[in-house]
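Reading through the structure tokens given below for one structure.
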Amino acid sequence: MPTISDAQRLPTGPLLSAGELQTPPIDAAALSMADIRDPALRPIAEKICTRRRLSAEDGMALFETRDIHSLGALANSVRTARHGRKAFYNINRHINYSNICALSCKFCEFHRKRGESGAYEYSAETIFEFADQAAVAGATELHIVGGLHPWLPFDWYTGLLSHLRRRHPQMHLKCFTAIEIDHFSRIARLSVREVLMALKEAGLGSMPGGGAEVFDDRVHDEVFKGKLRSDGWLDIHRTAHEMGIRTNATILYGHIETRRERIDHLIKLRELQDAAPGFQCIIPLSFVPDGSELGHLPGPTGLEDIKMLALSRLMLDNFPHVKAFWIMQTMKLSQVSLNFGVDDIDGTVVWYDITKREGGLGNRHQEQTVADMRRLIAEAGCIPVERDTLYRPVERYPGGWRVLESAAQKGQVHGFQT
Ligand code: SF4
């Protein structure tokens, strides 16, 4: 079994460079004011061209416009300034270790109580088998999240990570939302910082962005009462960033929240990124009502999805990346979004239990092939770039892969079984 050498340890320390945080100059020639047909968007376009921050009122104007092409052009000008025509994807594997959860959020069709039909919990050995399969497939990342399991002790999670780290030292472990970190803090009677330290020592590489939902007390009390409130979620991510752990952020939109509440959510993320940088990307999650207690709601339309993705790019001027998570946005809309500010379509995923667009437990297998992702990106006029979890380019060669452009890991070679 491989062991971890110093060279294989994940980089820590400085999180995001100033260059990653600031939007580079916009190509004003490529963004012609004459093409902005809605007069309400022209002052916003001027702000974007001169790299001035957008206000909440600007965000509302972007939501209200019917000039979707101009909105897309504005978002794309920022996306192009940051990433050119590159569009990122990764080879990953999601593992949802259990759907047994102490809470019952109304929007969630994933959670079950123990003994309830459909409840499951994977043993550590089963998770190791999934990780082995992912390694064989060349995955660079394991994305591990689950419900708030009432009985699993904290050392089960640290033991899981440390074993995975020893077994597959090359794979990045992106694990546990802020909601789970808060849960661990309670069950282990440790501070959030102590929990994160223990997980980091066990092998945690970064944190996903789930559990944020909508940062608003009204929405919280109506739809996910009992869950960590927004200040707690933001505090945990702040602590992670201070400890050198990069994270992502989400917003779950399209249920009972207002557009203004969405804008306020994005502004809170922007403020935290200013104060304690460490967010890599925003992942706007389109609410899927099927099977949840909010199943009577229609869910967002495609137009609302594309607006939300474009608007996220424009409001979050200090976030390096905007991701369309194809499981919730659909692959077709994710492809279109590459010309509406999005630069990342997530990864191969393979198995995903939390949201099943087709409905029913039989549809957990949700996989994209690398060939399909690259084809979709190329058809959208972009250049496909495989990335690792920290957005470094990955180079493939027969029987292995390596991360490029990182001083910390330059020349490091990761073999995988073939
Ligand atoms: S959203 Fe998360 S915390 Fe809420 S019920 Fe579902 S699994 Fe549990």
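Please treat every number below as a calculation from the coordinates, not as lab data. Note that this is a predicted model, so its numbers are computed, not measured. Every residue, glycine among them, receives a Cβ derived from its backbone with ideal geometry; neighbour counts consider all protein chains shown.
Which value, in Å³ per residue, describes the convex hull spanned by the Cα atoms of the chain? Let's see the in-between values first.
On the way: hull volume 55.3 nm³, N = 418.
Dividing the Cα hull volume of the chain by its residue count gives 132 Å³.
With +1 on each Lys and Arg Cβ and -1 on each Asp and Glu Cβ, and nothing else charged, work out how big the dipole of the stretch 242-373 is about its Cα centre, in Debye to the nearest 20. Don't jump to the answer; show the numbers that get you there.
Numbers: 13 positive and 18 negative charges, 34 e Å.
My answer is approximately 160 debye.
Which of the GluC sites (Glu not before Pro) found in the stretch 159-204 are loop residues per DSSP with 12 or fewer other Cβ atoms within 10 Å of their Cβ? Walk me through the intermediate numbers first.
Working: sites: 180, 194, 201; in loops: none.
Answer by residue number: there is no such site.
Pulled fully out, how much extra length does the chain show between residue 124 and residue 404, if you take 0.36 nm times their separation in residues and subtract their Cα-Cα distance? Please list the in-between numbers first.
Values: separation 280, 0.36 × 280 = 100.80 nm, distance 3.21 nm.
Separation in residues times 0.36 nm, less the Cα-Cα distance, equals 97.6 nm.
Can you show me the helix-derived [θ] at 222 nm for the chain, built from DSSP H runs with n ≥ 4 at -39,500 (n - 2.57) apiece and divided by the number of residues, rounded to the nearest 500.
Numbers: 15 runs with 158 residues, N = 418.
So the helix-based figure for the chain works out to -11500 deg cm²/dmol.
Among 225/307; 47/323; 86/174, which pairs are too far apart, with a Cα-Cα distance over 26 Å? Let's see the in-between values first.
Working: 225/307 28 Å; 47/323 23 Å; 86/174 23 Å.
Result: 225/307 exceed 26 Å.
Give me the distance in nm between label points sitting 7 Å out from Cα along the Cα-to-Cβ direction at residue 42 and residue 379, one decimal.
About 3.8 nm, to one decimal.
Distance from a point 7 Å along Cα→Cβ of residue 166 to each backbone N in the stretch 91-114: keep the residues under 11 Å and list them by number.
From the stretch 91-114, the list is empty.
By counting other Cβ atoms within 10 Å of each Cβ, how are 266, 103 ranked from fewest to most? Don't jump to the answer; show the numbers that get you there.
Values: 266 24, 103 15.
Taking fewest neighbouring Cβ atoms as first place, the list is 103, 266.
Any idea how far the Cα center of the stretch 199-258 sits from the one of the stretch 118-165, in Å?
The two parts, judged by their Cα centres, are 21 Å apart.
Counting other C-beta atoms within 10 Å, and keeping those with at most 11, which DSSP coil chymotrypsin sites (Phe, Trp or Tyr not before Pro) do you find in the stretch 168-277? Write out the running numbers ahead of the final one.
Values: sites: 176, 184, 215, 224, 233, 253; in loops: 176, 215, 224.
Passing sites in the stretch 168-277 do not exist.
Are there cysteines in the chain with no second cysteine's Cβ under 4.7 Å away, and if so, which?
49, 101, 175, 281, 382
Let me know the shape class of the stretch 172-245, please: from the alpha-carbon gyration tensor, a ≥ b ≥ c as square roots of the eigenvalues, rounded when a/c is under 1.5, otherwise prolate if a/b is greater than b/c, or oblate.
prolate
Using the Cα gyration tensor of the stretch 109-234, with a ≥ b ≥ c the square roots of its eigenvalues, what is the shape: rounded (a/c below 1.5), prolate (a/b larger than b/c) or oblate (neither)? List each step's numbers first, then the result.
Working: a/c = 1.77, a/b = 1.48, b/c = 1.20.
Judged from the Cα gyration tensor, the stretch 109-234 comes out prolate (a/c at least 1.5, a/b above b/c).
Can you list the aspartates and glutamates whose alpha carbon is less than 12 Å from that of residue 106, not counting same-chain residues fewer than 8 positions off?
Hits, sequence-local ones excluded: 213, 221, 222, 290, 293.
Run the quick spin-label model on residue 221 and residue 191: label points 7 Å from Cα toward the beta carbon, then report their separation in nm to one decimal.
Taking the two extended label points, one gets 3.1 nm.
What GluC sites (Glu not before Pro) in the stretch 79-129 are in a loop by DSSP, with at most 14 other Cβ atoms within 10 Å of the Cβ?
Values: sites: 109, 116, 121, 125, 129; in loops: 109, 116.
Filter output for the stretch 79-129: 116.
When Rg is the radius of gyration of the Cα atoms in the stretch 1-158 and Rh is its Kirkwood radius, what does Rg/Rh come to? Walk me through the numbers on the way to the answer.
Details: Rg = 23.3 Å, Rh = 20.7 Å.
Computed over Cα atoms, the ratio is 1.13.
Starting from the coordinates of the alpha-carbon atoms of the stretch 19-82, obtain the Kirkwood hydrodynamic radius over all distinct pairs and give the value in Å to one decimal. Please report the intermediate quantities before stating the final value.
Values: mean 1/r = 0.0843 Å⁻¹.
Computed over Cα pairs of the stretch 19-82, the Kirkwood hydrodynamic radius comes out at 11.9 Å.
If the only charges are +1 at each Lys and Arg Cβ and -1 at each Asp and Glu Cβ, what is the size of the charge dipole of the stretch 85-415 around the Cα centre, to the nearest 20 debye?
Computed charge dipole of the stretch 85-415: roughly 500 debye.
Quick one: Kirkwood hydrodynamic radius for the stretch 194-335, alpha-carbon pairs, angstrom, one decimal? It would help to have the intermediate numbers written out before the result.
On the way: mean 1/r = 0.0636 Å⁻¹.
Kirkwood hydrodynamic radius for the stretch 194-335: 15.7 Å.
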